[in-house]
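**Q** Could you have a look at this structure, given as structure tokens, before my questions?
The values are calculated or read from the model by the stated rules, or taken from the named source; none is laboratory data. Quick caveat: nothing in here was measured; it's all calculated off a predicted structure. No Cβ is skipped: glycine too gets one built from the backbone with ideal geometry, and neighbour counts run over all protein chains shown. The protein model used for the area step is the full one, side chains on, heavy atoms only, and it has no ligands, DNA or RNA in it. Shrake-Rupley method; radii C 1.70, N 1.55, O 1.52, S 1.80 Å.
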Amino acid sequence: MTSDAANHAILAFNDIRSSGNTNVVAYRISPSGSFIWGTNGIMLSNSTAFNAAPKVVATTAGNAVFAWSADNVIIMQKISPSGSLLWGTNGITLSSINRLTWPQLLPVGTDEVILKYFDDSGPPNSPTRHVFAQRYNASGTAVWSSPASITQAGGISACTQIFPFINDGSDGFYIAWHDDRDNNQRASVFVQHVN
């Protein structure tokens, strides 16, 4: 959940109402409690995939950007204050030869976002987890020529999913995590700054 510049609450959550599958639904609620995007919200996914971990941020321009995992990919969507899907009916799908999981978003610039995500290989209960970030412009196009590699040292447990992730004041970010990269059963804490 987040709030936009007009003090509306923007929510994203998993919902099984329509099909029994875990789909992602978005709502925009006014300060007076009106359902701006309708009483049933906007269905962002409508598939048999396991749609999980939806996140939302509001941009300075007033739009809302959403990201979630859908089986082995990440899907992003941008919605205008009036409820228009700005990145196409199905949003933008990011994929890899591995599983992309646990997205997090950070609004930057006027109408851009930075997406942090995991690239997981190996078994889901004990993945080899690498962490990347990419900046997307207002139209959903990747800004950086390749994603920023936050860490590929390994040792991040399957239970470690959400990282502290904040704007540095200049549209870069600080991110922190703990891992056991030397495999001694004692995690160490790391921080990275990306401009």
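**Q** For segment 18-38, which positions are of a type outside the set (Phe, Trp, Tyr) and touching a strand residue (DSSP E or B) at 6+ places or on another chain (Cβ under 8 Å)?
**A** 18, 21, 22, 23, 24, 25, 26, 28, 29, 36
**Q** Select from segment 179-194 the residues that are of a type in the set (A, V, I, L, M) and open to solvent by 50 Å² or more (accessible area, probe 1.4 Å) and list them in ascending order.
**A** Selection gives 187, 189, 191.
Table: residues versus (1) touching a strand residue (DSSP E or B) at 6+ places or on another chain (Cβ under 6 Å); (2) over 15 Å from residue 67 (Cβ atoms); (3) open to solvent by 10 Å² or more (accessible area, probe 1.4 Å); (4) polar (S, T, N, Q).
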{"site": "117", "(1), (2), (3), (4)": "yes, no, yes, no"}
{"site": "127", "(1), (2), (3), (4)": "yes, yes, yes, no"}
{"site": "133", "(1), (2), (3), (4)": "yes, no, no, no"}
{"site": "139", "(1), (2), (3), (4)": "no, yes, yes, yes"}
{"site": "142", "(1), (2), (3), (4)": "yes, no, yes, no"}
{"site": "152", "(1), (2), (3), (4)": "yes, yes, yes, yes"}
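**Q** Looking at 158, 176 in this structure, which one is open to solvent by less than 30 Å² (accessible area, probe 1.4 Å), assigned to a strand (DSSP E or B) and among the hydrophobic types (A, V, I, L, M, F, W, C)?
**A** Values: 158 fails: assigned to a strand (DSSP E or B).
Unique residue meeting the criteria: 176.
**Q** Continuing with this model, one more query. Which pairs turn up if I take residues in segment 133-147 that are assigned to a loop (DSSP other than H, G, I, E, B) and look for partners that are β-branched (Val, Ile, Thr) and crowded, with 17+ Cβ neighbours inside 10 Å with beta carbon separation below 8 Å, at least 6 apart in sequence or on another chain?
**A** Short answer, once both residue conditions are applied: 140/92.
**Q** Residues that are surrounded by 16 or more Cβ atoms within 10 Å (Cβ to Cβ), at negative phi and among the small types (Gly, Ala, Ser): find the strands (runs of 3 or more DSSP E) completely inside segment 1-114 holding 3 or more of those.
**A** In segment 1-114, 64-70 are the strands (runs of 3 or more DSSP E) which contain 3 or more residues that are surrounded by 16 or more Cβ atoms within 10 Å (Cβ to Cβ), at negative phi and among the small types (Gly, Ala, Ser).
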